Structures are given as C-alpha cells and as structure tokens.
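K.L.:
Just passing along the structure, written as structure tokens.
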Amino acid sequence: MRPRFILFGDSITQQSFSPGGWGAGLTDRYARKADVVLRGYSGYNTRWALFLLGKLFPAGLQDAPALVTIFFGANDAALPDRSHKRQHVPVPEYKANLCEIISAVKSLSKDTLIVLITPPPVYEKALQETAWKLYGADPEEAFSRTNDAAGRYAKACVEAAGQAEASVIDLWTCMQEKPGWQTRYLRDGLHLTAEGNAVVFEKLLEVLNDKGLSFEAMRWDFPEYGDVNADNPVKTLWELQNCGK
C-alpha cells in the first residue's frame, strides 16, 4: 500500500485540489509514491475540527498516515464582534485545540510527520470589497478579519508546534516578506491565488525533503514499466512480494 498524506484544514485546504492548488501539486509530485487524501472543511475552526478527530483519526487505526498537515486558524481568527463571530475561537483555546489535534494524530503512530501551517495574512481592503460585491454587506460589517488578529493566531500556531514538537510553516510571516503580497498571494483578501498556493507547496516540499519524505526517498508502489517481465508479468509481481525487489 502507498503511504498516505492527509491534508486536514479549512477552506484553504478544501480548495487545495483546485487547478493550481497546493494539494493538487502534492498529488502530482508524489504520483505512485503516496496517496494524498483531502480532508478540508470550508468554514471550520479548530473547535469544530475536534469533533472530526474520532472519524478521521480513530483510535487503533492500523494504517497510520505518513504525513498529516494541520491548516486551521483563518476562521478561528474571525473577529468576535463582527458578522463571522460564530467562527471565532479565542487564541488560548485555538492553541490548545491544535495541541489536541496533534496528540490525536501522534497516538496513531510516533512516525507520522505532522506539519502545522499558520493562517495566511489578511488583506482587509479586499475582504471588504469581496463581501460588498458578493453579499451587499455594509463595508464596516464586512470587516470581519484583520491582519493583526491573523498574526496573533499564527504566533500561537508556531508556539503550539514547538510545544508539541511538530513541524510548522509560518505562512503569515513568509508571505509578507514579498512586496505586493496582498494581491500576489491572496485572491479575495484571505484565500490563495495560484502563486499563494505555490508558496504553500514549496514550503511543504522543503519540510518533506528535510524529514525523509522526499519524492526521491520514497519507493514506487509497483515496478516501473521497464522492469516488468513482458512475457510473464506475474513473475515480476511474485518477485516483488517475495524478494523485496
């Protein structure tokens, strides 16, 4: 069986299999090396994600994933007194929830690579314009998130990773290192453009390469076509199963 990579998160994960998405890129990169499993839930925060753990990572699961990405925070960081207040989770609870998710994954296998991804930065002006265009929302009411708030959740995410000894990609920080990040990486002030998806993909590859899960380090699930015995393909599979070739 191929190793499994599970992508767990909110809409930025759910949309990652769209054309140009970071999940789609990962699937293409690891073709025949790993099965990339999408578990993205648009609009979810870490509080709601906890209720999914028993289904996604049940105790006693034999086939533990090789990789789990945990990408929450954009909804937790919604302002508590604005239109998206039902999604808001206070920073201390957000951090504790991340640690609980990590603990659930670690209970399956100590060998699973866990990678936290912080929420991306927020371009407030574009968020307002998007809400006005799509929903006719009042500009003040549309201001449901701020970049400063997203930064506090990103910091908590980095701290949770350190506390739990997990890997982390500080997306909030690295994206803002590029001039014009507001429209270069974000298509509506929050969700990612193709270039924004590329940043997640490239940063994730860096972690995978560093942690022994590079494409080159992983085995094909079956022999390449040039190694198949054309006259007796069953023999090739028998050798694979019995000789470890």
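K.L.:
Which one is surrounded by the fewest Cβ atoms within 10 Å (Cβ to Cβ), of the residues in the range 24-34 that are closer than 15 Å to Glu202 by Cβ and touching a residue at least 24 places away in the same chain (Cβ under 8 Å)? So that I can check it myself, show each step before the final result.
P.N.:
Looking only at the range 24-34, we keep the residues that are closer than 15 Å to Glu202 by Cβ, and these are 24-26, 28-30.
The next check asks that each one be touching a residue at least 24 places away in the same chain (Cβ under 8 Å); those that pass are 25-26, 29-30.
Numbers: Gly25: 21, Leu26: 22, Arg29: 16, Tyr30: 21.
Result: Arg29.
K.L.:
Then there is this: Within the group Asp35, Asp63, which residue is over 19 Å from the mean Cα position of the chain (by Cα) and not aromatic (Phe, Trp, Tyr)?
P.N.:
Values: Asp35 fails: over 19 Å from the mean Cα position of the chain (by Cα).
Exactly one of Asp35, Asp63 is over 19 Å from the mean Cα position of the chain (by Cα) and not aromatic (Phe, Trp, Tyr), namely Asp63.
K.L.:
Right, next: Out of the residues in the range 43-78 that are among the aromatic types (Phe, Trp, Tyr) and without any contact (Cβ under 8 Å) to a residue 24 or more places away in the chain, which is surrounded by the most Cβ atoms within 10 Å (Cβ to Cβ)?
P.N.:
Filtering the range 43-78 down to residues among the aromatic types (Phe, Trp, Tyr) leaves 44, 48, 51, 57, 71-72.
Of the ones still in play, those that are also without any contact (Cβ under 8 Å) to a residue 24 or more places away in the chain are 48, 51.
Details: Trp48: 17, Phe51: 9.
Here the residue is Trp48.
K.L.:
Also, I was wondering about something else. Can you pull out every residue in the range 94-117 that is β-branched (Val, Ile, Thr) and more than 21 Å from Asp76 (Cα to Cα)?
P.N.:
Here is the first cut: in the range 94-117, the residues β-branched (Val, Ile, Thr) are 101-102, 105, 112, 114-115, 117.
Within the range 94-117, Thr112 is the sole residue that qualifies.
K.L.:
Take the residues in the range 7-42 that are acidic (Asp, Glu) and out of contact with any Gly (no Cβ under 8 Å at 6 or more places or on another chain); name whichever of them is farthest from Ala66 (Cα to Cα). It would help to see each step written out before you state the result.
P.N.:
Let us first name the residues in the range 7-42 that are acidic (Asp, Glu), namely 10, 28, 35.
So of that shortlist, the ones also out of contact with any Gly (no Cβ under 8 Å at 6 or more places or on another chain) come out as 28, 35.
On the way: Asp28: 17, Asp35: 10 Å.
Step by step, filter the range 7-42, then rank; the result is Asp28.
K.L.:
Okay, moving on. Taking the range 12-28, which residues are more than 19 Å from Leu208 (Cβ to Cβ) and over 10 Å from the mean Cα position of the chain (by Cα)?
P.N.:
To start, the set of residues in the range 12-28 that are more than 19 Å from Leu208 (Cβ to Cβ) comprises 14-15, 18-20.
Once the filter is applied, which keeps residues that are more than 19 Å from Leu208 (Cβ to Cβ) and over 10 Å from the mean Cα position of the chain (by Cα), the range 12-28 yields Gln15, Ser18, Pro19, Gly20.
K.L.:
Further question on the same structure: Give me the pairs: first residue in the range 164-190 and farther than 17 Å from Ser16 by Cα and β-branched (Val, Ile, Thr), second residue at pLDDT below 95 and not in a loop (DSSP other than H, G, I, E, B), beta-carbon distance under 8 Å, and six or more apart or on different chains, which are they?
P.N.:
Note: pairs meeting the criteria are Thr183/Ala126.
K.L.:
I'm trying to understand the selection: among the residues of the range 208-243, which are hydroxyl-bearing (Ser, Thr, Tyr) and either surrounded by 10 or more Cβ atoms within 10 Å (Cβ to Cβ) or at pLDDT 90 or above (or both)?
P.N.:
From the range 208-243, those hydroxyl-bearing (Ser, Thr, Tyr) are 214, 225, 236; that's our starting set.
Residues satisfying the conditions are Ser214, Thr236.
K.L.:
Which count do you get for residues in the range 1-23 that are more than 19 Å from Gln87 (Cα to Cα), buried (at least 24 other Cβ atoms within 10 Å of the Cβ) and touching a strand residue (DSSP E or B) at 6+ places or on another chain (Cβ under 7 Å)?
P.N.:
Adding up the residues that qualify gives 4.
The values are calculated or read from the model by the stated rules, or taken from the named source; none is laboratory data. Source: prediction; values computed, not measured. A quick note on method: Cβ atoms are made from the backbone with ideal geometry, for glycine too, and the neighbour counts reach across all protein chains shown.
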